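Visitor: Handing you a structure now.
The values are calculated or read from the model by the stated rules, or taken from the named source; none is laboratory data. Not measured: the values here are computed from a predicted model. Cβ placement follows ideal geometry from the backbone for every residue including glycine, while neighbour counts extend to all protein chains displayed. Note: accessible area is taken over every heavy atom of the protein model, side chains too, but ligands, DNA and RNA are not part of it. Shrake-Rupley method; radii C 1.70, N 1.55, O 1.52, S 1.80 Å.
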Amino acid sequence: MPTDDRPEYDVVIVGAGLAGLYMLHRVRGLGLSVRVYEAGDGVGGTWYWNRYPGARCDVPSLEYSYSFDPQLEQEWEWSERYATQPEILRYIEHVADRYDLRRDITLGTRVESVIRDDEANRWAVTTDAGEEVWATFVITAAGCLSAPKPPEIGGLDSFAGTLVSTSAWPADGVDLAGKRVGVIGTGSSGIQSIPLIAEQAASLTVFQRTPNYSLPAHNAPLDPAVQRDWKARYREHRAAVLQARTGILVERGTRSALEVDPDERSARYAQCWDSGLFACIPASYTDIITDLDANETAAEFVRGRIREIVRDPDVAEALTPRGYPFGTKRICLDTGYYDTFNQEHVTLVDLRRTPLVAVTPEGVQTTEEEFGLDVLVLATGFDAVTGPLLRMDIRGRDGVHLRDAWAGGPHSYLGLQVAGFPNLFTITGPGSPSVVSNVVVSIEQHVDWIAECLRYLREHGVAAIEPDADAEAAWAQHVHDVAAATLYPQAPSWFVGANVPGKPRVFMPYLGGVPAYRQKCAEVVEAGYEGFVLHRPAVHA
Ligand code: FAD
Ligand code: NAP
């Protein structure tokens, strides 16, 4: 029993984004005491922080939304096919209010350490506000893309203008009108924001190191009739989503890209281009993601479209992705991205040709030129998947640090738990579909699995659960093998940690697909939590 007067909870949840909120709802339903800590001053996670112009989802909103309550589905109206950040944030805030979640959430408070007390089978959780609490279970809902990557660019502090990051865009906006604006980074965040920044700025200079493959979103207002029809058959649609490899509804081809006639293939790619679904081309043939020749047919199609859109052939070439397979980084969905470079006041700086030297008080210095700027936007990405976890001081049994356990790269059983860290659960942890899926689908599955696990532990008098080290190693090997059978590891992407200097190169998400992964998780439960060690009655006994 606790020997001090720190508050004691059954469950502490870290993070109040889509994952943390639903987890809170489920934990409450089990009658457990719970506290959520959220570093931001509001709920919403990704959609609270990333308020840059143009931010919107890349999965249709009717699918990128909670499925757990049919009434919620019916009452919420999406206004666009791909909702903007403000609309998604309103939705999440609505959920927080509708289920009366806020009273258990402490905002503006970052969890700094999560340290196991083996004797008492509990965790000591401390926050940057100086709070110290005990928890039997800690559930991280800290997100895969919530820890901005240090940009490793010299001189940022010296910049005399306004420095902003897409991942912490000020809530009251940034005045870009009439300004000389620079953007560093051309991943999804850069690609979504650049067209809108160009609309406002007097001049826009885009500093690109690696071109990305981007497809048009074909976003539009959502036709009320379409929404009504979808809602009439929502259960059917949700069931279909769970059968889709990525958790996104898309037609899946059954033939190799290399066995069809080139004209037929191009027509199929053109259909996909017009569909506005980023998952369409990868799904169109069986081998786009596994065979380099098949992949090259898709890559070349996209390159051709870039050449068609961008009038200056040199700029088009600089924007053309080469050297890594199509689809092996998360494909971007844009609205007018390539066309933006046809505008007179927009300049592309190819940092592969003229590398960035430093940010100066006046702007950005490359090996060739200094670009004077009033506003500099960093769209430089995230220390993904493991970053949010390792930024906390997490210490498991015998004081072992998670960052030591993962020194060679993350290993986890099913992305849900790590051996040696009993009663710590990681929503969308490494080794689960997370960021290679419709993330809401993967979040809901993890939350449901964890909630059912907590119920099971209570009903069966189990004090603690953690993975068996062998089962964890076998799963990590499987995650690796599945990735190795694809072209994904060939790209220096954030999926493998390549964007953060010194980060171990391990393919972090699970590529086996949402249906196979769900089945595995269900089978583990049916087999009495196979691969997990259930400690009765106390973990140290
Ligand atoms: P998050 O939304 O990241 O929330 C985690 C929260 O935890 C954050 O608010 C953070 O402040 C908090 N936190 C972290 N560490 C601590 C700590 N130590 N103490 C306290 N609080 C902490 N996925 C898709 O499938 N489709 C999309 O269209 C899509 N668009 C995206 C757009 C952007 C700009 C980004 C960055 C990501 C996008 N993603 C998308 C991925 C997105 O992160 C997930 O879809 C989803 O929002 C994740 O929800 P979450 O609750 O797991 O994590
Ligand atoms: P990102 O994909 O990692 O892109 C970061 C960009 O910054 C890359 O172009 C990178 O170049 C560049 N960069 C990083 N450090 C740099 C440096 N020191 N000098 C010059 N350039 C540098 O990050 P992101 O755009 O934020 O997207 C991350 C993920 O979030 C996406 O893949 C997606 O899953 C999600 N997201 C989704 C949406 C959406 O459409 N709904 C929108 C935004 C984000 P290199 O490639 O050369 O490293």
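Visitor: Quick check on packing: order 259-268, 296-305, 16-25 by the mean number of other C-beta atoms within 10 Å, highest mean leading.
Guide: Averaged packing, sorted descending, gives the order 16-25, 296-305, 259-268.
Visitor: To test your reading of the geometry: what angle, between 0 and 90 degrees and rounded to tens, separates the Cα axis of helix 18-29 from the longest principal axis of the chain?
Guide: It works out to around 20 degrees.
Visitor: For segment 263-305, with only Lys/Arg (+1) and Asp/Glu (-1) charged at the beta-carbon, what is the dipole magnitude about the Cα centre, in debye rounded to 20?
Guide: 220
Visitor: State the percentage of accessible surface on segment 173-221 attributable to carbon and sulfur atoms; use a 1.4 Å probe and exclude ligands, DNA and RNA.
Guide: Here it works out to 52 percent.
Visitor: Related question: Looking at the chain, which Cys residues are left with no other cysteine's beta carbon under 4.7 Å from theirs?
Guide: Here CYS57, CYS144, CYS332, CYS453, CYS521 come out as lacking a disulfide-compatible partner, given the Cβ-Cβ threshold of under 4.7 Å.
Visitor: In debye, nearest 20: dipole of the chain around its Cα centre with unit charges on the Cβ of K, R (+) and D, E (-)? Intermediate values should be presented prior to the final figure.
Guide: Working: 48 positive and 73 negative charges, 78 e Å.
Computed about the Cα centre, the dipole is about 380 debye.
Visitor: Still on this structure: Going by average Cβ density within 10 Å per residue, which order do the peptides 515-528, 430-443 take, highest to lowest?
Guide: Ranked from most to least packed, the peptides come out as 430-443, 515-528.
Visitor: Starting at 0 and stepping by 10 Å, how many percent of the alpha carbon pairs of segment 426-527 end up in each bin?
Guide: In order of increasing distance, the bins hold 14, 43, 31, 11, 2 percent.
Visitor: log₁₀ I(q)/I(0) of segment 404-455 at q = 0.13, 0.20, 0.22, 0.29 Å⁻¹, via Debye over equal Cα point scatterers, no solvent, to two decimals?
Guide: Result of the Debye calculation: -0.31, -0.69, -0.81, -1.14.
Visitor: On to the next question. If the viscosity is 1.567 mPa s and the temperature 4 °C, what Stokes-Einstein diffusion coefficient in µm²/s follows for segment 254-328 when Rh is the Kirkwood radius over Cα pairs?
Guide: 102
Visitor: No solvent, one uniform scatterer per C-alpha: report log10 I(q)/I(0) for segment 11-124 via the Debye equation at q = 0.17, 0.21 1/Å, two decimals.
Guide: With no solvent term, the Cα-only Debye profile gives -0.86, -1.17.
Visitor: Cα centroid distance between segment 103-123 and segment 218-236, in Å?
Guide: Computed from Cα coordinates, the inter-centre distance equals 41 Å.
Visitor: Take the alpha carbon atoms of segment 371-449, find their radius of gyration, then divide it by 2.2 N^0.38 Å using N residues; give the quotient.
Guide: That works out to 1.39 for segment 371-449.
Visitor: Here's something else I'd like to know. Note the angle between two axes, namely the Cα long axis of helix 292-309 and the longest principal axis of the Cα atoms of the chain, as a number of degrees from 0 to 90, rounded to the nearest 10.
Guide: Rounded to the nearest ten degrees, it is 50.
Visitor: Just the number please: accessible area per residue for the chain, 1.4 Å probe, all protein chains included, in Å².
Guide: Normalised by residue count, the accessible surface of the chain is 39 Å².
Visitor: Using the Cα centre of segment 132-212 as the reference point, and only Cβ charges (+1 on K/R, -1 on D/E), how large is the resulting charge dipole? Debye, rounded to the nearest 20.
Guide: Rounded to the nearest 20 debye, it is 280 debye.
Visitor: For all pairs of alpha-carbon atoms in the chain, what percent lies in each bin of width 20 Å, listed from the first bin to the last filled one?
Guide: Bins of 20 Å from zero give 21, 55, 23, 1 percent of pairs.
Visitor: Determine ³J(HN,Hα), in whole Hz, for all residues of segment 10-15 in sequence, where each value follows from phi through the Karplus function 6.51 cos²θ - 1.76 cosθ + 1.60 and θ = phi - 60°; x replaces Gly and Pro.
Guide: Karplus-based 3J(HN,Hα) across segment 10-15 equals 5, 9, 10, 10, 9, x Hz.
Visitor: For a protection proxy built on the mean count of beta-carbon atoms within 10 angstrom, sort 90-100, 226-236, 42-52 highest first, please. Don't jump to the answer; show the numbers that get you there.
Guide: Values: 90-100: 16.5, 226-236: 12.6, 42-52: 23.5.
Highest to lowest by the protection proxy: 42-52, 90-100, 226-236.
Visitor: Further question: Got a sec? Charge dipole of the chain, +1 on Cβ for Lys and Arg, -1 for Asp and Glu; which of ILE115, ALA201, ALA294 is way out at the positive end?
Guide: ALA294
Visitor: If Lys and Arg each add +1 and Asp and Glu each add -1, what is the summed charge of the other residues whose beta carbon sits under 11 Å from the beta carbon of ALA267? List each step's numbers first, then the result.
Guide: Values: positive: ARG265, ARG268; negative: ASP261, ASP263, GLU264, ASP274.
Spelling it out: positives minus negatives among the neighbours equals -2.
Visitor: For the Cα atoms of the chain, what angle does the longest principal axis make with the long axis of helix 188-200, in degrees from 0 to 90, nearest 10?
Guide: Long axis of 188-200 versus the principal axis of the chain: about 50 degrees.
Visitor: May I ask you to evaluate 6.51 cos²θ - 1.76 cosθ + 1.60, the Karplus curve with θ = phi - 60°, for each residue of segment 512-519 and list the ³J(HN,Hα) values in order in whole Hz, giving x for glycine and proline?
Guide: So the J values, rounded to whole Hz, are x, x, 4, x, 5, 5, 4, 4.
Visitor: Taking the Cβ-Cβ separation of ARG252 and GLN477 as r and a Förster radius of 30 Å, what is the calculated FRET efficiency to the nearest 0.05?
Guide: 0.65
Visitor: Determine how large the accessible area of LEU351 is when every protein chain is in place; take a 1.4 Å probe and give Å² rounded to the nearest 10.
Guide: It works out to around 20 Å².
Visitor: Would you calculate the separation in nanometres between label points at ASP223 and GLN71, each defined as 7 Å from the Cα along the Cα-to-beta-carbon direction?
Guide: Placing both labels 7 Å along Cα→Cβ, they lie 3.2 nm apart.
Visitor: Can you give the convex hull volume per residue for the Cα atoms of segment 285-346, as a whole number of Å³?
Guide: Convex hull of Cα atoms, per residue: 94 Å³.
Visitor: If we count every other residue with Cβ under 11 angstrom of ALA419's Cβ, Lys/Arg +1 and Asp/Glu -1, where does the sum land?
Guide: Summing Lys/Arg as +1 and Asp/Glu as -1 gives -3.
Visitor: For segment 272-322, which whole percent of the accessible surface, found with a 1.4 angstrom probe, sits on carbon and sulfur atoms?
Guide: Carbon and sulfur atoms account for 50 percent of the accessible area of segment 272-322.
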